[in-house]
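The values are calculated or read from the model by the stated rules, or taken from the named source; none is laboratory data. Treat the numbers as computed from the prediction; the structure is a model and nothing was measured. Ideal geometry is used to build each Cβ from the backbone, glycine not excepted, and the neighbour counts take in all protein chains shown.
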Ligand SMILES: *Cc1c(COP(=O)(O)O)cnc(C)c1O
């Protein structure tokens, strides 16, 4: 690693500015300085990137490829500086030259190529792979528009396109000479080869070029640079079809060009909900076909071996079912292009592909209409059909006990292709993302498959990179930690456990308190700048930041706030610790109820924040456009972390981990990774409430819950619902009626009313605990101390040894 002094770093900035822009520092804009810093980092990265590739090839080591429709990388300037070991020098050099480093780094537009947790997980995994020296790379799509930018106007979410490539993206390299051709539509021609075997030819296809853009993934101070390869759909280099009298087909060609470029046009903004559009299927095949062709090409180049040895050198992890077409695509190439028999192609494929499940929500389980697949990808459809035939035959003859269940197990049923079933049948590993989630898969949602293939199912509890989410996002706390226990925790996050010996040390706790308080002041300033709201930095910062979804139950949170407001109106002198409730959440543009909840939060905020009668005891803040960069600003200041999903619905959650790692105490249900957070920190250091997963699943199965009964018996609840129904928070009466009816006519599908009372009581306990400052700080430190388990380094270590059988390249 380059060891630059601050003076040397300054010199580089000055001379680069001179050569690149012919400018003096004094005349440079923040953006120009940003690009100068990025190019200093890129110069440092480039030779290590080349040598890493060379090393992997020479050692011909096994490599993992993480296929994902989403990579929510956020901003890279700080994490690249950090991992290159230059962040401190850069900060200091910029300050000495008269710049605020935060303003310079803020010039980078977040790469928002993901919706939420699933995409962020992919980004954290890449960071950990490189930092642990594992040969592992990402394949994704270079959407020209990322997840929409959210504005709140009169309380409503408004979506603006996120054209993140407006300024040149500093970290990508276009590799036109490594383009790959993708085929859609057309027909399949069958004929007999000389050896008697049948050969399939996919003909008359529509062709699309996939151009790779490579982004370096920098390991932490270890000179390892892996690659995130994002594919862009273009018509470059394609032969023009048919008669082309110049000009005649101009408009036709423009349409054609446009429809090709659409494929990498924008990211689908639906989170936890299947979006059934042909364009989405085109995108999935685009990712899968370009990546698999690329992997095979590299294998052939680097290993003078038959592709039957592919499983020794390659493992492909598919992130949710979105890239499941990797299975038939690999089969297609092995059979049609490499002349493998079905059986030998199947043997290779099912040793290479591993699948991660992210949800049990039925509306999120992907299916595609058979006819759509057949039309768009005729050869792929034939292969899926054959996989299904063979699988169902096997069930019929070898598992007579399952004969009746074949319709529930078949990959093609009711004219639909069931992607999760295809993923399980065609892979060697199926993992859930937290213990309780994996248990539900095994015992309930995928029980039949578990009984068939018990050895395939395993758990890999999610994690987050502590380098971004603690070291980089919270320099004050990480500084205090290093000052107290030394820097080893940065390489080995489990060593955070050493903090326990300070968890009752009064002088440490006081410093710890100061750090949190300073972070809260910084966030209070940001809130004031962005919203005009003045918040009390001595109040409890109670944070719920995540995608807006019914199952995540932002509604339960806002009902609690309305309840507190009602109490304060009745008794303005109520003795309570002031609270600041902070929200960040995007709703899918087509998700009406989710948008209603955003509006409700904002309407309640505007009433509560302006009501002098409650003496500032309550503030409600909705920060617009929640994304990675905003998360990095909020999380260090959180006191309370709201993780209140309906039990059984949140597969893991990772926001919960980010906040505990920064010393927030969790109020949460026994859902997802909350269960393991509780086991790690102990019952007394977390606030658990509400229905358990098996109770929720039982209600789903056998009924027995009646929301109206609660409405009729609990005055606090009927008051809130009536306030909604009567338009007390809206400007007119019909506003928020949909929320009212969803709860009373749809019988409260996410058990908001059922969990309301235990939630209130638990919040009272939170407040009581906060009153005892030392006790709170003790719990807070205990959370940080146990957060090492939730580093994605631990997760990746588990994937590498248990699924991928991957060796570190030391
Ligand atoms: C971590 C993260 C998420 C996931 O949050 P959950 O609380 O686990 O749903 C979503 N969006 C962003 C920007 C994140 O950083």
Worksheet item: When the residues of the stretch 294-327 are filtered to those that are assigned to a loop (DSSP other than H, G, I, E, B) and under 27 Å from the mean Cα position of the chain (by Cα), which remaining residue is surrounded by the most Cβ atoms within 10 Å (Cβ to Cβ)?
Response: 325
Item to complete: Report whether or not residue 106 is away from the ligand (no atom under 13 Å from the Cβ) and touching a residue at least 24 places away in the same chain (Cβ under 8 Å).
Response: yes
Discussion item. So in the stretch 639-656, with the set limited to residues that are near the ligand (Cβ under 8 Å from one of its atoms) and either on the phi < 0 side of the Ramachandran plot or assigned to a helix (DSSP H, G or I) (or both), which one is surrounded by the fewest Cβ atoms within 10 Å (Cβ to Cβ)?
Written reply: 654
Discussion item. Out of everything in the stretch 109-138 that is more than 16 Å from residue 800 (Cα to Cα) and outside any helix (DSSP H, G or I), what residue ends up being farthest from the ligand (Cβ to nearest atom)?
Written reply: 109
Item to complete: Please indicate, with yes or no, whether at least one residue in the stretch 554-568 is free of Cβ contacts under 8 Å to residues at least 60 places away in the same chain, surrounded by fewer than 20 Cβ atoms within 10 Å (Cβ to Cβ) and farther than 30 Å from residue 750 by Cβ.
Response: no
Worksheet item: Restricting attention to the stretch 671-703, which residues are within 16 Å of the ligand (Cβ to nearest atom) and more than 15 Å from residue 787 (Cβ to Cβ)?
Response: 671, 672, 675
Worksheet item: Would you say residue 509 is in contact with a helix residue (DSSP H, G or I) (Cβ under 6 Å, 6 or more places away or on another chain) and within 16 Å of the ligand (Cβ to nearest atom)?
Response: no
Discussion item. I'd like to check something: does the stretch 519-541 contain any residue that is more than 16 Å from the ligand (Cβ to nearest atom) and modelled with pLDDT under 95?
Written reply: no
Practice prompt. Give the residue, chosen from 68, 60, that is over 17 Å from residue 164 (Cβ atoms), within 16 Å of the ligand (Cβ to nearest atom) and in contact with a helix residue (DSSP H, G or I) (Cβ under 8 Å, 6 or more places away or on another chain).
Written response: 68
Worksheet item: Within the stretch 444-467, can one find any residue that is in a helix (DSSP H, G or I), closer than 30 Å to residue 87 by Cα and within 16 Å of the ligand (Cβ to nearest atom)?
Response: yes
Worksheet item: Tell me, which helices (runs of 4 or more DSSP H) wholly within the stretch 1-98 include 2 or more residues that are without any contact (Cβ under 8 Å) to a residue 40 or more places away in the chain?
Response: 6-21, 30-59, 87-96
Worksheet item: Looking only at the stretch 359-410, which residues are more than 30 Å from residue 749 (Cβ to Cβ), touching a residue at least 60 places away in the same chain (Cβ under 8 Å) and assigned to a helix (DSSP H, G or I)?
Response: 373, 375, 376, 378, 379, 380, 382, 387
Response to the item:
Those residues of the stretch 434-443 which are closer than 25 Å to residue 125 by Cβ and either part of a helix (DSSP H, G or I) or at pLDDT below 95 (or both) amount to 435, 436, 437, 438, 439, 440, 441, 442
Worksheet item: How many of the residues making up the stretch 626-638 are surrounded by fewer than 24 Cβ atoms within 10 Å (Cβ to Cβ) and away from the ligand (no atom under 13 Å from the Cβ)?
Response: 0
Worksheet item: Here are some conditions: (1) surrounded by fewer than 24 Cβ atoms within 10 Å (Cβ to Cβ); (2) assigned to a loop (DSSP other than H, G, I, E, B); (3) under 26 Å from the mean Cα position of the chain (by Cα). Residue 593 meets all but one. Which one does it not meet?
Response: (2)
